[in-house]
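The block underneath contains the structure these notes are about, expressed in structure tokens.
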Amino acid sequence: MKTSRVLGTDRIALVTGASRGIGPLIAREIAREGNHVVLTGRSPEELQAVAYDLRDKGADVSFLPTNLVQPWAAEALVQTVERERGGIDLLVNNAGGDPQREFDRMTLNENLDILQLNLIAPLTLSHSVLGEMLQRRRGHIVNISALAGRVAFPFTEAYAAAKDGLIGFTRVLRNDYRGRGVSASVLILGPIRGAGQGQRTAAQLGLKLPPFATESADTVARAVIDAIKRDRAEVVMMPGPGRLVKAAMDYFPGLGPAITRISGSTATMQRVIEYRRGQEHAAVS
Ligand SMILES: NC(=O)c1ccc[n+]([C@@H]2O[C@H](COP(=O)([O-])OP(=O)(O)OC[C@H]3O[C@@H](n4cnc5c(N)ncnc54)[C@H](OP(=O)(O)O)[C@@H]3O)[C@@H](O)[C@H]2O)c1
């Protein structure tokens with residue numbers, strides 16, 4: 001089935017997490033295809049700055065600030081876009097992230113907010129856009145997931161649950177609605193350099209993200225377009241042994257601690273956690 005019918009002029013795209021990180025690059029690539037792109041995130045100033053920058057480059061974009069952790073925010077966002085612009089052809093659920101703190105030191109509500117942002121909001125947005133998409137028999141939903149759950153990345157309990165959930169959600173959604181003109185793809189990201197949370201954390205700790213073990217944010221943005229044009233089900237974005245590690249973990253999940261130790265993830269995340277603890281202490285003292 002060709003779903004690239006969702007790219008081009010007269011087509012509306014909604015990109016979440018478009019105020020910073022990888023999101024603005026995804027929005028830029030979609031706008032290059034001719035779509036009108038609605039950017040969303042919490043911060044109006046950052047969204048405005050991204051919108052100005054993309055318009056300078058010839059893109060047709062608008063923005064709507066929304067906090068996706070708030071109840072009903074996702075549905076209200078879709079209703080506003082549909083009222084102001086018409087039906088959404090392409091939804092990219094990119095907003096997400098992890099506070100990089102220990103599961104037991106976060107409150108239950110802080111953990112549930114991680115699920116809300118990384119899983120419930122994408123599911124709600126998908127549910128909200130689906131009706132219009134099915135009526136027009138045209139639509140594509142791209143979910144941005146992570147390898148965290150697949151490889152038992154340390155200190156990511158709620159984030160890993162959400163991102164693995166997003167993979168399962170995409171598989172079933174795709175199977176159920178592809179025959180009716182609406183497809184879905186999931187990009188499963190390892191560490192990303194050049195923009196985004198991993199790059200910011202590395203800069204804060206004075207670490208370098210090696211190109212052989214990371215994918216560039218620009219490559220991720222282009223992979224979104226490729227996933228839509230080729231209607232790809234799942235794309236793992238991690239160079240070198242990343243895919244092998246993922247496959248090995250699926251067969252032998254007990255290897256998790258050894259793999260994260262040998263790859264250096266355990267030591268790095270220990271540093272990140274200590275850094276975040278230091279920030280917590282500084283904030284309360
Ligand atoms: N970077 C990596 O290494 C990496 C690796 C694996 C997976 N990923 C996934 O890739 C996606 C993009 O990550 P990134 O690295 O670009 O993250 P980022 O730089 O931290 O940007 C996150 C985006 O999500 C938005 N966001 C955060 N909380 C929100 C909320 N409550 N409501 C609405 N929007 C919210 C942020 O906007 P505001 O702050 O303005 O709200 C921002 O635009 C995420 O789903 C992430 O899990 C990234």
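A straight line joining the Cα centroids of the range 237-261 and the range 72-136 runs 29 Å. Would any residue of the range 57-92 have its amide N under 19 Å from a label point 7 Å out along Cα→Cβ of Arg137? List them or say none. Within reach of a label on Arg137, which here means backbone N under 19 Å from a point 7 Å along Cα→Cβ, the range 57-92 contributes 87-90. Around the amide H of Val236, modelled in the peptide plane, lie the amide H atoms of Ile188, all under 5 Å away and 5 or more residues distant in sequence or on another chain. Peptide packing: for 25-32, 216-223, the average count of neighbouring Cβ atoms within 10 Å per residue gives the ranking 25-32, 216-223, highest mean first. May I ask you to derive the FRET efficiency for Ala76 and Tyr52 from their Cβ-Cβ distance with R0 = 41 Å, giving the value to the nearest 0.05? For Ala76 and Tyr52, the calculated efficiency is 0.95. Please find, in a Gaussian network model of the chain (springs between Cα atoms separated by less than 10 Å), the residue of Asn109, Asn67, Asn143 whose mean-square fluctuation is greatest. Looking only at Asn109, Asn67, Asn143, the largest GNM fluctuation is found for Asn109. In percent, rounded to a whole number, the relative contact order of the range 4-284 is 17, using alpha-carbon pairs under 8 Å and six or more apart. Maximal additional length on extending the Arg200-Ser62 stretch stands at 47.1 nm, based on 0.36 nm per residue less the C-alpha distance.
Residues considered: Leu134, Leu54, Leu244. Largest GNM mean-square fluctuation over the chain, using C-alpha springs under 10 Å, is found at Leu244.
Only protein heavy atoms count here; under a 1.4 Å probe, Lys229 has an accessible surface of about 100 Å². Sort the range 95-244 into rounded, prolate or oblate with this rule: let a ≥ b ≥ c be the square roots of the eigenvalues of the Cα gyration tensor; rounded if a/c is under 1.5, and if a/c is not under 1.5, prolate when a/b is larger than b/c, oblate otherwise. Here the range 95-244 falls in the oblate category. When a 1.4 Å probe is rolled over the protein heavy atoms, the share of accessible surface on the chain that falls to carbon and sulfur comes to 54 percent. Mind counting lysine pairs for me in the range 4-284? Cα separation below 30 Å, and the two need to be 8 or more apart along the chain or on different chains. Final tally of qualifying lysine pairs is 6.
Accessible surface computed residue by residue for the range 4-284, with neighbouring protein chains in place and a 1.4 Å probe, gives 47 Å² per residue. Taking each residue as 0.36 nm, the span from Ala213 to His127 lengthens on full extension beyond its C-alpha to C-alpha distance by 27.4 nm. Decide, for the chain, between rounded, prolate and oblate: order the square roots of the alpha carbon gyration tensor eigenvalues as a ≥ b ≥ c, take rounded if a/c falls under 1.5, and otherwise choose prolate if a/b is larger than b/c, else oblate. It comes out prolate by the Cα gyration axes.
Restricting the range 14-108 to chymotrypsin sites (Phe, Trp or Tyr not before Pro) that sit in a DSSP loop and have at most 11 other Cβ atoms within 10 Å of their own Cβ leaves Trp72.
The values are calculated or read from the model by the stated rules, or taken from the named source; none is laboratory data. These numbers were taken from a predicted model, which means no experiment stands behind them. Ideal geometry is used to build each Cβ from the backbone, glycine not excepted, and the neighbour counts take in all protein chains shown. When the accessible area is computed, the model is the full protein with side chains, heavy atoms only, and any ligands, DNA or RNA have been set aside. Shrake-Rupley method; radii C 1.70, N 1.55, O 1.52, S 1.80 Å.
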